[in-house]
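Since the structure comes first, as structure tokens, the remarks are kept for the end.
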Amino acid sequence: MHIIGPAVLGLAFVICLMIMPLAKRLATAVGMVDVPGERKIHTEPTPYGGGIAVLLACVLTVGIGLGGVWAVETHAAGWLPDSVRRMIEEHAEGALGRSKMLVAIFAGGLMVAALGLADDIKSISYRVKFGVEILAALILVLSGVKLTIFIANEAISIAVTVVWVVAITNAFNLLDNMDGLSAGVAIIAGALLLAVAMQTHQIFVASLALALMGALLAFLIFNFPPASVFMGDTGSLFVGFMMASLTTVASYYQYHEGRGAFSVVMPVLILGVPIYDTASVMIIRLRNGTPLFQGDTNHFSHRLVALGMTRRQAVLTIYLTSLAIGLAAILLPALPLWGAVVVGIQAATIVAVIVLLEIAGRKKVA
């Protein structure tokens, strides 16, 4: 993986970088442009094409990788260096054995991306969105992707998986409310998940994470404030679905005998910021009596700006918060019970500090 990993990351980065200018022009030509308005914080019309470029870069990178596996398996890759060829041969059986799962992940990802594309062009009701997202989650389940750890009942396992996938898909969609935010948090979460996958030799998860991270790193060049392109619902739903799928496919409890039982909460900590943002904004909407599925400017990032931060400072603060909550989580599989409790308390303390600072800041502003 020491050779293939950087190659996957670099290939996805280059492909996205090459596609992005075309995607921007195409989005502008067909009217997929976010125009400043009442609930918008940007001041210039901005195209939505970034999500298309991220999706294509991720899919093409994985497709090229599978092509390389096929070439090695059919002895058509004699031109490859021996070390690379041996590494591909070592993992070829596992990669091909996960083909059904891979098809399901990208089928679901393409479904939610198509849903997002339609929503970028013309607003779609939340009922239709949830229906398509549930269907995409069920496709994952039918391929064998389920959250099964400590869940004996099949029906409960399926229900928990569907809820998790739909929730995380929408969490990244909701998080896409400020330049560079959703993509940057996804890169950080992807890097943490990559660390877990490398510890546990999960090459399938690591490869998909690297492909997504490479595409998002290229996108971030165009999206970091001030952004020249947005990912739109096309990209945010695709990224959210991919992160939900990867955290579901990954294994967290499989080594260090007698330890690691609490590693099942690892994905919750790795995705702590999107979960916190979604939960807190829903609580605010309930408290204010506003519709749960109507957009507003009460997200974590907006609240930080309201306290006096610039948008860039708010985004960087959320990056650091995401890293702080998720970083210790990668140690969970190796920790005894008391260590896992410390990690949990640390994450809860970080969230509590954020909440207290927000409350104090709002009082001062008021």
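Just so you know, all these numbers are worked out from the coordinates, no wet-lab data involved. Just so you know, these numbers come straight off a predicted model, no measurement behind them. Cβ placement follows ideal geometry from the backbone for every residue including glycine, while neighbour counts extend to all protein chains displayed.
Once the chain from A324 to S228 is taken as fully extended at 0.36 nm per residue, the excess over their C-alpha distance is 31.7 nm. The phi torsions of region 334-348, fed into the Karplus equation with coefficients 6.51, -1.76 and 1.60 and a -60° offset, translate into couplings of 9, 9, x, 4, 5, x, 5, 5, 4, 4, x, 5, 4, 5, 5 Hz, rounded to whole numbers, with Gly and Pro shown as x. By the beta-carbon count within 10 Å of each Cβ, the least crowded to most crowded order of E44, E133, E358, fewest first, is E44, E358, E133. Sequentially through region 51-61, phi angles give Karplus couplings (6.51, -1.76, 1.60; θ = phi - 60°) of x, 5, 5, 4, 4, 5, 4, 5, 5, 5, 4 Hz, Gly and Pro residues having no value and appearing as x. Applying 1/(1 + (r/R0)^6) with r as the Cβ-Cβ distance of A114 and H201 and R0 = 30 angstrom yields a FRET efficiency of 0.30. Coupling constants for region 198-208 follow from the phi torsions by the Karplus curve (6.51 cos²θ - 1.76 cosθ + 1.60, θ = phi - 60°), and in residue order they are 5, 4, 9, 6, 9, 5, 4, 5, 4, 5, 5 Hz; glycine and proline get x.
Rounded to the nearest whole angstrom, the semi-axes of the ellipsoid equivalent to region 205-337, taken from the Cα gyration tensor as √(5λ), stand at 29, 20, 15, largest first. The label-point distance for L316 and N288, in a model that sets each label 7 Å from Cα toward Cβ, rounds to 2.8 nm.
Distances between placed amide hydrogens fall under 5 Å for D34 paired with T46, Y48, all partners being 5 or more residues away or on another chain.
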